[in-house]
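Only one structure is covered here, and it is reproduced in the block below.
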Amino acid sequence: MGPSNDAMGSLAIILILVVSTSAQLEDIVQNQFEAAFQGRCNHGSPCMQLCYDLHDGMYECGCKAGFLLHDDGYSCYEMNSTATPPDSYNMILNNMEDVLYQKDAEFDAELSYENGTELYKLVFNNGTEGTTQGPRLEQKWTEATAEGRIPATAPISTERPCPLDCGPGGGCTIRGSDLEPICLCPLGRGGDRCEKEMEIRSPRFTGSSWLAFPALRGAYKHVQVTLELRPEAYDGIFFLTGERDDMAGDFMALLLHQGFVEFRFDCGSGVGVVRSEETVLLNQWNHITLYRHRWDAWVQLNGGKHVQGRSKGLFSRITFREPLFIGGAGNTTGLSEKLPVSGGLKGCIRHLEVNDHLYKFALDPHGEASKGYGIEECTADRCSRVPCQHGGKCLTSEESAVCLCPLGFSGDLCEIRVDLQVPSFNGSSHLRYKGLGEDALTWLDLEITLKPTAADGLLLYDGHRADGYGDFMAVYLVEGFVEFAYDLGTGAGLARSQHRISLGEWHQIRVSRTGRLAILEVDNQLPVEVMSPGAFTQLSLPQNLYLGGVPNFSAVSPKVRARSAFVGCIQKVVMNGRQVPILAEALGGANVDNCPHPCVARPCGDDGECIPELDYFTCKCRPGYRDQLCSRGPPSFGGVDSYLHFNDPSTLTTLVSDPLDINVRFKVSSSDGLLLWMDSGSGDFLSLGLERGALVLRYTVRAEEIVVVHNSSTVHDNLWHRVRAVRNGGSGVLEVDNGPTLTRQSVDVPQPRAAQEGLFVGGIPDVGLSTGGRYGEGIRGCVADLVLNTDYRLQLVGHEAASRNVGECDL
């Protein structure tokens, strides 16, 4: 039984329906009606299952999951039922199969009565007529089945011919005040001429670019959107979809307007606007949540307040036939009538989720995008996959992302704690100090001791202004030449060494400046003199002084020819006769690690300071300690009954780790001898020593003895060498002085030996018995540094280990 006339109430009639483009008329068969009745749910509503009170004294019916609403507006039928529901639109299809369904097709619906029944006379704009029967209720399309339309080419508009060939699917456009032609490449292509293949994980939009996805499904009543946005400008559309490509029908849009997030939506009877109370953070990731249910919507920015709003009129459902456009408006027109901005987003999106569906931005079939133009990969999102630790900051380039580690930490993720002694710089490093200010006003004496490993790089810089202009002084390398440049305010002076300096060796640079005159001396090369132009004689440097590089080269004078940071080691800086404590006086820095140097092993103990002198060092005792109490060198071993023994719990725990990474620095004069012996008490052992001049790594695993022999490097020449040995299951590795890596060479049957638990350095008691005859004595030489698993450093000087016949190394 149908509803009574009282329940039906009055009817609002849509007289003209403008239908969006589709391939066939049958695509609208699955559309559902939205029916609104006058009255309230609790006053005898005819709804079969669910009833919702609307505003303006209206209500509508709904159905439970698995059911669809009949076109009578109140009864429900099962979705999987084989019975065909009464559907006035099916009648249209049956009568009008020969109607050519095309974009902007229209029909007039005229209401009449026959035998007490309401009839709609449909007159299409091509002259075809038809009729259908309808109840006295509001009728409105709520969802279409046709796939959203995707424009065949990029939406490009130019004021003059664009000369670039942008390849298949690409488009050329003129952009910027200088009318520069650029290519808008199809999704998955990049480069100046769209010649490169690109994998898009997190898209970056340029303001002229966009992505298109198929039209939304099941979102006509409610939608929840979460996304992460990194804007570079305060205006732009980044989410747009609706009923028509000219904005004449329903739509919803999420956009930035003057920095505020705005959600604008129209259910067919008026635009609703929800606007955040705070602005987005430029060049930072912002989290945005949008929720809409019928007329009501709220927006939340960065976990802040839920800002609510409501659309106008009676209609509460949105029809989605157009594609979902992300980052821009796609082929949509008529924006100026409905939206305060018409340009696209400039920035990145890395997360988009609509009604619990997480979108993949790549082109189908690798992703879900149907089309896209001008899309770049967002380099800023690379940092989301690089979790820098201990306060490290992520820095992106075109190819990768790296961590800038604070002082005292190193490693790819700043995960390694470093006891800095002699700083090394890797090209992304720097140390920052208080600027010279007026201390270099009239004269400056500067001395730097360095070991470069790259021919170009900025060594030292101080300036007058943060934009790089004005007074400055700089020391740097260009193609291996040392240059000193300075500007007193009336032009730059430049002194350049006569010869290149060698890489991988220590050098001394000395600069002396008085007024306009500067003298540059490098090692034993002849001094080079230069006079700066103009009449000014004073140098004012209020900005920070940087050593080894700078955080941003935009702060460096354009007159400095080096535009990259220094790579290598710096062990000494003297300013106006005062030696600068390089690490102690640094106000900050990034990516500074230890240079391979004897001081890294802390040979002077806790009571002395290691003073580097090129490849060697001296010890300076702290106040209150006599010279004889201040150790001056690493331990030396005599070969017979001479060793250090570590058997503390921390060391024993480290010995059983697998893989085990050993890094040791030593010098020996004997061609045979035991350097290291490790036994955790489990029955297995590891040894490192010299056998007839070759460096040999041995260890047991699963009743086998792995043997790795490195005989391509001479290490018994009484010179310092650094060796890395790795035990990784059945794979052994030996590396000498950063040379080629040797892996496992042979497998032996283990020989009987006496158990000696712990770590022995330099030798072991009863060498022959303890090693099963593998060695007859310990080494004759010194061990300066021993590190296990990159961060467990053994204290060889001032240690708590048992020692026997251990002396002090004669450097």
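The values are calculated or read from the model by the stated rules, or taken from the named source; none is laboratory data. No experiment lies behind these values; they were computed from the predicted model shown. Counting neighbours? That spans all protein chains shown, and the Cβs are built from the backbone with ideal geometry, glycine included.
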Exactly one of ARG193, ARG244, ARG201 is outside any strand (DSSP E or B) and touching a Ser or Thr at 6+ places or on another chain (Cβ under 6 Å), and that one is ARG244
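For residues that are hydrophobic (A, V, I, L, M, F, W, C) and surrounded by 23 or more Cβ atoms within 10 Å (Cβ to Cβ), scanning just region 464-481, find the one that is farthest from HIS507 (Cα to Cα). Before the answer, list the steps.
Going through region 464-481, the residues hydrophobic (A, V, I, L, M, F, W, C) turn out to be 466, 472-475, 477-478, 481.
Those left that are additionally surrounded by 23 or more Cβ atoms within 10 Å (Cβ to Cβ): 472-475, 477.
Working: PHE472: 24, MET473: 20, ALA474: 17, VAL475: 14, LEU477: 12 Å.
Top of the filtered list is PHE472.
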Filter region 268-287 for residues that are surrounded by 16 or more Cβ atoms within 10 Å (Cβ to Cβ) and in contact (Cβ under 8 Å) with a residue 60 or more places away in the chain; the one that is farthest from LEU227 (Cα to Cα) is GLY268
Contact list, first residue from region 329-343 and free of Cβ contacts under 8 Å to residues at least 40 places away in the same chain, second anywhere and in a loop (DSSP other than H, G, I, E, B) and surrounded by fewer than 19 Cβ atoms within 10 Å (Cβ to Cβ), beta-carbon distance below 9 Å, six or more apart or interchain, is SER336/SER342
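Having 2 or more residues that are under 22 Å from THR333 (Cα atoms) and in contact with a helix residue (DSSP H, G or I) (Cβ under 6 Å, 6 or more places away or on another chain) is the bar; report the strands (runs of 3 or more DSSP E) wholly within region 251-321 that clear it.
Of the strands (runs of 3 or more DSSP E) lying wholly inside region 251-321, none has at least 2 residues that are under 22 Å from THR333 (Cα atoms) and in contact with a helix residue (DSSP H, G or I) (Cβ under 6 Å, 6 or more places away or on another chain).
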Listed by range, strands (runs of 3 or more DSSP E) wholly within region 455-558 having at least 1 residues that are of a type in the set (S, T, N, Q) are 507-514
Filtering strands (runs of 3 or more DSSP E) wholly in region 326-429 for at least 1 residues that are buried (at least 21 other Cβ atoms within 10 Å of the Cβ) and out of contact with any helix residue (DSSP H, G or I) (no Cβ under 8 Å at 6 or more places or on another chain) gives 346-354, 371-373, 401-404
Before we move on, is GLY739 out of contact with any strand residue (DSSP E or B) (no Cβ under 8 Å at 6 or more places or on another chain) and touching a residue at least 24 places away in the same chain (Cβ under 8 Å)?
yes
Given (1) more than 21 Å from LEU788 (Cα to Cα); (2) outside the structural domain of GLN508 (by TED's automatic domain parsing), GLY435 misses just (2)
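Restrict the check to region 780-788 and report whether at least one residue is assigned to a loop (DSSP other than H, G, I, E, B) and modelled with pLDDT of 85 or more. Give the derivation first.
If we filter region 780-788 for residues that are assigned to a loop (DSSP other than H, G, I, E, B), which is where we start, we get none.
So far as region 780-788 goes, no, none of its residues is assigned to a loop (DSSP other than H, G, I, E, B) and modelled with pLDDT of 85 or more.
Out of region 559-584, which residues are under 29 Å from the mean Cα position of the chain (by Cα) and either over 29 Å from TYR469 (Cβ atoms) or not aliphatic (A, V, I, L, M) (or both)?
Step one: list which residues in region 559-584 are under 29 Å from the mean Cα position of the chain (by Cα), which gives 562-569.
Answer for region 559-584, where residues must be under 29 Å from the mean Cα position of the chain (by Cα) and either over 29 Å from TYR469 (Cβ atoms) or not aliphatic (A, V, I, L, M) (or both): ARG563, SER564, PHE566, GLY568, CYS569.
Would you call ASN711 free of Cβ contacts under 8 Å to residues at least 24 places away in the same chain, assigned by TED's automatic domain parsing to the domain that holds LEU786 and on the phi > 0 side of the Ramachandran plot? Full working, then the answer.
On the way: free of Cβ contacts under 8 Å to residues at least 24 places away in the same chain: yes; assigned by TED's automatic domain parsing to the domain that holds LEU786: yes; on the phi > 0 side of the Ramachandran plot: no.
In short, no.
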Requested in this report: Return yes or no: is VAL354 aliphatic (A, V, I, L, M) and within 17 Å of the chain's Cα centre (by Cα)?
Outcome: no
Of (1) on the phi > 0 side of the Ramachandran plot; (2) modelled with pLDDT of 90 or more, TRP298 satisfies every one except (1)
Of the residues in region 294-329, those that are of a type outside the set (Val, Ile, Thr) and under 24 Å from LEU211 (Cβ atoms) number 13
Listed by first then second residue, the pairs whose first member lies in region 524-539 and is closer than 16 Å to ASP445 by Cβ and of a type in the set (Gly, Ala, Ser), whose partner is in a strand (DSSP E or B) and modelled with pLDDT of 90 or more, with beta carbons under 6 Å and at least 6 positions apart or on separate chains, are none
Counting only residues that are surrounded by fewer than 23 Cβ atoms within 10 Å (Cβ to Cβ) and within 13 Å of LYS338 (Cα to Cα), region 231-243 contains a total of 0
Out of (1) under 34 Å from the mean Cα position of the chain (by Cα); (2) crowded, with 24+ Cβ neighbours inside 10 Å, the one LYS305 does not meet is (2)
